[in-house]
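Single-structure report; data block below.
The values are calculated or read from the model by the stated rules, or taken from the named source; none is laboratory data. Since we're looking at a predicted model, the values are computed, not measured. Positions of Cβ are generated from backbone atoms using ideal geometry, with glycine treated the same way; all protein chains shown enter the neighbour counts.
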Amino acid sequence: MKKDKLLIAGPWIGEFGWELFAWQGYVRALSEKFDQTICISSPHSKFIYEDFCDEFLSFTPMDKGGYKDSFFRTDFNMNKKILLDILKQSKIDIKQKNTTLFVPKRIGDPPRTHFSEPMNLAQYSLSPKYVKFADNKNKEKTVIVHARNRKLRSKDNWSVDKWKELVSLLKEIDLSVISIGLKKEAMHIPGTEDKRECAQEELLKIISSSECIFGQSSGAMHLSTLCGCPQVVWSDMYNFDRYTKNWNPFDVDVLFLAEQEWQPEVEYIFEKFVEWRKTNGT
């Protein structure tokens, strides 16, 4: 008897932005070639696989003080034994099926690889497939801030004082402001509603119904792309194509500000936003 084809993808242990645009879209496309798909990642990421995977396994490596970088973690050495242990604990016998183990790796040259470009995955040549996790055309007078506070490239973080100043200016033009993100990687800015680590369903609703999100290049900004939420993002020019083309499959509006790179003045961000807002007729 012919065995069912089983795809086991993961465990993903890297950065969330990379999971969104350098992993899950490829897994979704590859899953169509199999009878069953099992995905393994952080419990925070379950929602991004639910539309196509048959079973989701939560996995969080023990924190030894390292950090996530692209598709890996600096304090964790992923190997086949760890993957087999995860499957054993979940009572999954891979010998009963024709099983393909698809372990995270660098696919193409992210973020330079365009979302439409096909890649060789297993024996297939496939382009990633993306879905919108939420989409609300009726935007509220609310904006989001993702106040990056990571150990990785900590010099790219903005000070809380800069964030407080920006929030104050946004509220002066009658905008409500919400803080999102993981509590260990993003700050709650005084004067904003703290929705960090809220339920995923609520988070997606907030993002999709907000006028835009502010922040440096981060996973939260990339999630906003897949929720149809425009972005005001600042970084260096290295990331320009990432936001405007390569990792933007639904052509979401982006105000990309690189003139002052990762540490722009608050007034510069606010003035550019006001101009952009007028252009968009808001």
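Data table
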item: Meets criteria (part of a loop (DSSP other than H, G, I, E, B), farther than 18 Å from W262 by Cα and assigned by TED's automatic domain parsing to the domain that holds V233) for K171; result: no
item: Those strands (runs of 3 or more DSSP E) lying entirely in the stretch 118-167 with at least 3 residues under 30 Å from E261 (Cα atoms); result: 142-145
item: The one condition in (1) surrounded by 16 or more Cβ atoms within 10 Å (Cβ to Cβ); (2) closer than 22 Å to G17 by Cβ; (3) not assigned by TED's automatic domain parsing to the domain that holds K184; (4) not basic (K, R) that A147 fails to fulfil; result: (3)
item: Residue, nearest to the chain's Cα centre (by Cα), within the stretch 150-164, restricted to residues that are surrounded by 16 or more Cβ atoms within 10 Å (Cβ to Cβ) and among the hydrophobic types (A, V, I, L, M, F, W, C); result: W158
item: Looking only at the stretch 145-174, and only at residues there that are touching a helix residue (DSSP H, G or I) at 6+ places or on another chain (Cβ under 9 Å) and among the hydrophobic types (A, V, I, L, M, F, W, C), the one that is farthest from E265 (Cα to Cα); result: I173
item: All positions within the stretch 202-221 that are in contact (Cβ under 8 Å) with a residue 60 or more places away in the chain and either assigned to a helix (DSSP H, G or I) or in contact with a Pro (Cβ under 6 Å, 6 or more places away or on another chain) (or both); result: L204, K205, I206, I207, S208, S209, C212, G219, A220, M221
item: Residues of the stretch 90-101 that turn out to be over 28 Å from the mean Cα position of the chain (by Cα) and without any contact (Cβ under 8 Å) to a residue 40 or more places away in the chain, as a count; result: 3
item: Residue list for the stretch 173-198, restricted to those being surrounded by fewer than 21 Cβ atoms within 10 Å (Cβ to Cβ) and on the phi > 0 side of the Ramachandran plot; result: D174, G191, E197
item: Residues located in the stretch 199-214, provided they are surrounded by 15 or more Cβ atoms within 10 Å (Cβ to Cβ) and either over 22 Å from P43 (Cβ atoms) or modelled with pLDDT under 95 (or both); result: Q200, S209, S210, E211, C212, I213, F214
item: Verdict on I107 being in the same structural domain as W23 (by TED's automatic domain parsing) and not in a loop (DSSP other than H, G, I, E, B); result: no
item: In the stretch 112-145, the residues that are within 13 Å of S224 (Cα to Cα) and at pLDDT below 95; result: A134, D135, N136
item: Among (1) part of a loop (DSSP other than H, G, I, E, B); (2) farther than 18 Å from T142 by Cβ, the one test that K245 misses; result: (1)
item: Any hit, the stretch 7-14, residues being in a strand (DSSP E or B), touching a residue at least 60 places away in the same chain (Cβ under 8 Å), farther than 25 Å from L226 by Cβ and among the hydrophobic types (A, V, I, L, M, F, W, C); result: no
item: The stretch 111-138 residues that are outside the structural domain of Q24 (by TED's automatic domain parsing), paired with ones that are of a type in the set (V, I, T) (beta carbon under 8 Å, 6 or more apart); result: F133/I48; A134/I207
item: Selected residue (criterion: nearest to the chain's Cα centre (by Cα)) from residues of the stretch 48-63 that are surrounded by 15 or more Cβ atoms within 10 Å (Cβ to Cβ) and either more than 25 Å from T74 (Cα to Cα) or of a type outside the set (A, V, I, L, M) (or both); result: Y49
item: Any hit, the stretch 107-124, residues being more than 22 Å from N246 (Cβ to Cβ), hydroxyl-bearing (S, T, Y) and more than 17 Å from the chain's Cα centre (by Cα); result: no
item: Every pair of residues 6+ apart whose Cβ atoms lie under 6 Å, when the first sits in the stretch 256-282 and is assigned by TED's automatic domain parsing to the domain that holds C229 while the second is part of a helix (DSSP H, G or I) and of a type in the set (A, V, I, L, M, F, W, C); result: F256/F240; A258/M237; V266/L166; F270/L169
